[in-house]
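This report concerns only the one structure given below.
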Amino acid sequence: MVLGHESAGIIVEIGTAVTSLKAGDRVAMEPGVPCRYCRYCIEGKYNLCLNMKFAATPPYNGTLTKYYVLPEDFCHKLPENVSLEEGAVVEPLSVAVHACRKAGIKPSTSVVVFGAGPVGLLCAAVAKAFGASKIINVDIQQSRLDFALKYAATNTFLPSKDGNAIENAKAIIEQNDLGDGADYIIEASGAPSSVFTGIHVARPNATYVQVGCGNDVVEFPIIQMGCMELNVKGCFRYGPGDYNLAIGLLRDQKVSVKELITQMVSFKDAQKAFNDVKNGKGIKTIIKGVEVQ
Amino acid sequence: MQISVVLKKKDDLVFEETPIPTLQTPHDCLIEVKYTGICGSDVHYWTHGSIGKFILEAPMVLGHESAGIIVEIGTAVTSVKVGDRVAMEPGVPCRYCRYCIEGKYNLCLNMKFAATPPYNGTLTKYYVLPEDFCHKLPENVSLEEGAVVEPLSVAVHACRKAGIKPSTSVVVFGAGPVGLLCAAVAKAFGASKIINVDIQQSRLDFALKYAATNTFLPSKDGNAIENAKAIIEQNDLGDGADYIIEASGAPSSIFTGIHVARPNATYVQVGCGNDVVEFPIIQMGNWITSRSKG
């Protein structure tokens, strides 16, 4: 299977019914093509399509190749002031947009984001763009937190390793004057301890969105969730309007992704890039297209 | 003084005299309690002395599922009068905290709930409640039924939170009082498939006569995912249930409940059991069955 699904490219050929794009247009490529016929597609939740063909999810080939076919509406035109390199970060940015929209982040609220990897950082950036006034990135790596503070977080938190989740939650609340707790929790790490802490850092009736994928099964503080009447939501990829909004945020300079691109390699160095990412190097590594110098 | 059912400490349930309460504000009503249902939480305080962070530290009158007759009203009371039969809503919020103001008084930071320490409950003769927490019973609803309004309101809150729509499918885990009432409310809200799940066949037999359209007895050794699959198949639930109301608190039910859900379904946790459970978070969050048609 060909890997890769976070891509941007240039239209080289269009079908006879394509009207919104032309050859030469620079586009962010939305890699999951839904069937448009199942009830989830019809309901406007195409990310849940029962027949989804997603790039680089078996058995469908991905985009780390020269040419790729997508329907017109899954090619999102990039504005003049958004580069193709940034276009390749639109995919994870759309994940963050989907998460923050699902949370329903309002202005002047508090958001705790667990994880300061690419998705956690982007969630903080989108939360900021949505007007959140307190955005706290939580991570176990201090270097990631240092970056997060320069990027979009208003504060960060390094959980104590032996500290229990409830103590960590309490500390986050105290250190950030969160009152009864955070208004929104975006869990972007998948780590069991973060999930646990996340539920405990929430104020009554807060919204918790699970973006991160980690263990299938975790120890979950369900009584806390129940008694506080938390709104816990699953979050999967992105749906209608997310790519548009992501691109809009870049165009309007409400979110910046350039600083997340820490490495750019040529296509022939793809394997090295994969090793680097596997070893946790940098934030976002981009592989140039086959013909890109 | 009035005779009351008092929990002195864990395992020590007695009759004792307690002071007759008096109206505290012009909005208050004095009610003569006529009927009181027993809730699992009353029993839990009796056998464990605490529920979560609520710890019994002094003798407390039990009971909170009551109905009674108004015997005295405060000067500002206009909506009820002496002699009115009312269902008694046992939790009085402060009306000032942000949750009260937001219209979520059940989350009130200063909630005074009957028979949750340290507040006395309703298993006594007279009880005081503000006017708006005395709900007048219609002519055709008896005081006995009035005492079941409290657990029925738990079920109503759960089903409203779920947002149950007509002609949808609802799986209710638990066929105790709350699970049965959730099935009944789901039915009243128009759900067309209502499946009660329980480990006791006798409860399921009752559920089927009561409000459920079908029931399910999980196999004891069967794993949660297999049980979920069976519920879906036996009830033609397609991709899964539209709504899941978990009214048992049992860890295996929670696990099964998440797996019986269709994509984008709503799962409401009503039941209280273990503090912490094994939770299938990937299934909740991210994992969907991709059914590529070759």
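The values are calculated or read from the model by the stated rules, or taken from the named source; none is laboratory data. The model shown is predicted, which means the values in this text are computed figures rather than measured ones. We place every Cβ from the backbone using ideal geometry, glycine too, and count neighbours over all the protein chains shown.
Scanning the range A:228-247 for residues that are within 7 Å of chain B (Cβ to nearest Cβ) and either in contact with an Asp or Glu (Cβ under 6 Å, 6 or more places away or on another chain) or within 30 Å of B:Lys53 (Cβ to Cβ) (or both) yields A:Glu229, A:Gly234. Determine whether the range B:32-50 contains at least one residue that is among the β-branched types (Val, Ile, Thr) and crowded, with 18+ Cβ neighbours inside 10 Å. Looking through the range B:32-50, at least one residue is among the β-branched types (Val, Ile, Thr) and crowded, with 18+ Cβ neighbours inside 10 Å. Of the set (1) touching a strand residue (DSSP E or B) at 6+ places or on another chain (Cβ under 6 Å); (2) assigned to a loop (DSSP other than H, G, I, E, B), all apply to A:Val82 but (1).
In this structure, A:Ala171 does not satisfy being more than 8 Å from chain B (Cβ to nearest Cβ), among the small types (Gly, Ala, Ser) and closer than 21 Å to A:Gly104 by Cβ.
Considering only residues in the range A:197-216 that are of a type in the set (S, T, N, Q), surrounded by fewer than 24 Cβ atoms within 10 Å (Cβ to Cβ) and within 22 Å of the chain's Cα centre (by Cα), the one that is farthest from A:Val113 (Cα to Cα) turns out to be A:Asn215.
I'm checking my understanding of the structure. Among residues of the range A:51-100 that are of a type in the set (Lys, Arg) and out of contact with any Phe, Trp or Tyr (no Cβ under 7 Å at 6 or more places or on another chain), which one is surrounded by the fewest Cβ atoms within 10 Å (Cβ to Cβ)?
Restricting to residues being of a type in the set (Lys, Arg) and out of contact with any Phe, Trp or Tyr (no Cβ under 7 Å at 6 or more places or on another chain), the top hit is A:Lys66.
Suppose we filter B:Tyr126, B:Tyr119, B:Tyr105, B:Tyr96 for residues that are touching a Leu at 6+ places or on another chain (Cβ under 7 Å) and either β-branched (Val, Ile, Thr) or assigned by TED's automatic domain parsing to the domain that holds B:Val6 (or both); which single one remains?
On the way: B:Tyr119 fails: touching a Leu at 6+ places or on another chain (Cβ under 7 Å); B:Tyr105 fails: touching a Leu at 6+ places or on another chain (Cβ under 7 Å); B:Tyr96 fails: touching a Leu at 6+ places or on another chain (Cβ under 7 Å).
Among B:Tyr126, B:Tyr119, B:Tyr105, B:Tyr96, only B:Tyr126 is touching a Leu at 6+ places or on another chain (Cβ under 7 Å) and either β-branched (Val, Ile, Thr) or assigned by TED's automatic domain parsing to the domain that holds B:Val6 (or both).
Restricting attention to the range B:1-56, the residues that are of a type outside the set (Ser, Thr, Tyr), over 30 Å from A:Ile223 (Cβ atoms) and part of a loop (DSSP other than H, G, I, E, B) total 8. The helices (runs of 4 or more DSSP H) located wholly in the range A:199-293 that include 1 or more residues which are at pLDDT 95 or above, within 23 Å of A:Gly104 (Cα to Cα) and outside the structural domain of A:Pro118 (by TED's automatic domain parsing) occupy A:242-251.
If you take the residues of the range A:206-216 that are farther than 15 Å from B:Val276 by Cβ and in contact (Cβ under 8 Å) with a residue 24 or more places away in the chain, which of them is nearest to the other protein chains (Cβ to nearest Cβ)?
Step one: filter the range A:206-216 for residues farther than 15 Å from B:Val276 by Cβ, giving A:206-214, A:216.
Add one more test, that the residue is in contact (Cβ under 8 Å) with a residue 24 or more places away in the chain, and what stays is A:206-212, A:214.
Numbers: A:Ala206: 11, A:Thr207: 13, A:Tyr208: 11, A:Val209: 9, A:Gln210: 4, A:Val211: 7, A:Gly212: 8, A:Gly214: 8 Å.
So, considering only residues that are farther than 15 Å from B:Val276 by Cβ and in contact (Cβ under 8 Å) with a residue 24 or more places away in the chain, the one nearest to the other protein chains (Cβ to nearest Cβ) is A:Gln210.
A residue that is within 14 Å of chain A (Cβ to nearest Cβ) and surrounded by 21 or more Cβ atoms within 10 Å (Cβ to Cβ) occurs somewhere in the range B:177-191. Among the residues of the range B:79-93, the ones that are within 14 Å of chain A (Cβ to nearest Cβ) and in contact with a helix residue (DSSP H, G or I) (Cβ under 6 Å, 6 or more places away or on another chain) come to 1 in all.
Per the conditions (1) at the interface with chain B (Cβ under 8 Å from one of its Cβ atoms); (2) buried (at least 21 other Cβ atoms within 10 Å of the Cβ), the sole criterion not satisfied by A:Glu219 is (2). Pairs meeting the criteria (first residue in the range A:33-62 and more than 9 Å from chain B (Cβ to nearest Cβ), second residue assigned to a helix (DSSP H, G or I) and of a type in the set (Val, Ile, Thr), beta carbons under 9 Å, at least 6 apart or on different chains) are A:Arg36/A:Ile42.
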